[in-house]
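Here is the structure we will look at.
The values are calculated or read from the model by the stated rules, or taken from the named source; none is laboratory data. All figures in this text were calculated on a predicted structure; none of them were measured in a lab. Positions of Cβ are backbone-derived with ideal geometry, glycine not excepted, and every protein chain shown enters the neighbour counts. Accessible surface is based on the protein model in full, side chains and every heavy atom, while ligands, DNA and RNA are left aside. Shrake-Rupley method; radii C 1.70, N 1.55, O 1.52, S 1.80 Å.
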Amino acid sequence: MELILVRHGSQEPDDAANVDPALSETGRREARQVADYLAREAVDAIYTSPLRRAVETAAPLANALALDAVVCDGVVEYHPDAVDYAALRHFKAENYAAAQAALANFGNQADLELFRMRVVDAMESIVADHPDGRVAVFCHASVINAWACSVLRLPSRPFVNVAHGSISRFLCASASASFVSSLNETQHLVPDP
């Protein structure tokens, strides 16, 4: 089966009171572009993280294919209520090398392993439910990194800077019999004019 992982679109600027932001206008455009691109493929099922930005990114494809997007708690962000996205974006803009070094130390190894196990359990369940299908899962950069690390048998650390609205593809029979087909496809994303 083909497992297509889609990172949610760009979200609204964050504030301390909003840990579950909606998509920004750019994010809504990215979601439409993902839908236009994937609607040409035979997607059999759609899953989404429960976080608003993932649900909103999945909606255009679900509408185009007349499919219900199934909410899957197993593909929610690493720490869904503890990430200060505004600070992280500012930090990356001001000192990208330092931000990359901080992300390399993202979480302790035990927490990352627990997170990876949660992601693998969720993906294994999706694969088992659709053994011959093509499934799109709308999720987060940390989820895509965790699954890719599992498939590639790498330590549980973020290693791909996953773009908003990007697509990563895996050919799967199970976590132990899965292969990377592509990581971080962005050819379908057209920047603002």
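Please count how many residues of the range 30-53 are assigned to a helix (DSSP H, G or I), out of contact with any strand residue (DSSP E or B) (no Cβ under 9 Å at 6 or more places or on another chain) and open to solvent by 10 Å² or more (accessible area, probe 1.4 Å). I'd like the intermediate steps shown before the answer.
Applying the first criterion (assigned to a helix (DSSP H, G or I)) to the range 30-53 yields 30-38, 52-53.
Remaining after also requiring out of contact with any strand residue (DSSP E or B) (no Cβ under 9 Å at 6 or more places or on another chain): 32-33, 35-36.
Now drop any that are not open to solvent by 10 Å² or more (accessible area, probe 1.4 Å), which leaves 32-33, 36.
Of the residues in that region, 3 qualify.
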(message) Residue under question is Glu56, and the condition is that it be among the charged types (D, E, K, R), in a loop (DSSP other than H, G, I, E, B), open to solvent by 30 Å² or more (accessible area, probe 1.4 Å) and in contact with a strand residue (DSSP E or B) (Cβ under 7 Å, 6 or more places away or on another chain); does it hold?
(response) no
(request) Specify the residue that is farthest from the chain's Cα centre (by Cα); the eligible residues are those in the range 117-135 that are assigned to a helix (DSSP H, G or I) and of a type in the set (Gly, Ala, Ser). (result) Ala128
(message) Tell me yes or no: at least one residue of the range 124-141 is touching a residue at least 24 places away in the same chain (Cβ under 8 Å), open to solvent by less than 70 Å² (accessible area, probe 1.4 Å), more than 28 Å from Ala22 (Cα to Cα) and acidic (Asp, Glu).
(response) yes
(request) Under 9 Å between Cβ atoms, at least 6 apart or on separate chains: pull out the pairs that start in the range 19-38 with a residue that is within 11 Å of Thr57 (Cβ to Cβ) and end on any residue that is in a helix (DSSP H, G or I) and acidic (Asp, Glu). (result) Ala22/Glu56; Leu23/Glu30; Leu23/Glu56; Gly27/Glu56; Arg28/Glu56; Ala31/Glu56
(request) For the range 148-186, name all the residues that are in a strand (DSSP E or B), under 12 Å from the mean Cα position of the chain (by Cα) and of a type in the set (Val, Ile, Thr). (result) Ile167
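Would you check if there is a residue in the range 66-76 being in a strand (DSSP E or B) and either modelled with pLDDT under 95 or in contact with a His (Cβ under 7 Å, 6 or more places away or on another chain) (or both)?
No, the conditions are met nowhere in the range 66-76.
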(message) Restricting to the range 147-169, and then to whatever is open to solvent by less than 10 Å² (accessible area, probe 1.4 Å) and touching a residue at least 60 places away in the same chain (Cβ under 8 Å), can you tell me which residue is nearest to Leu112 (Cα to Cα)?
(response) Trp147
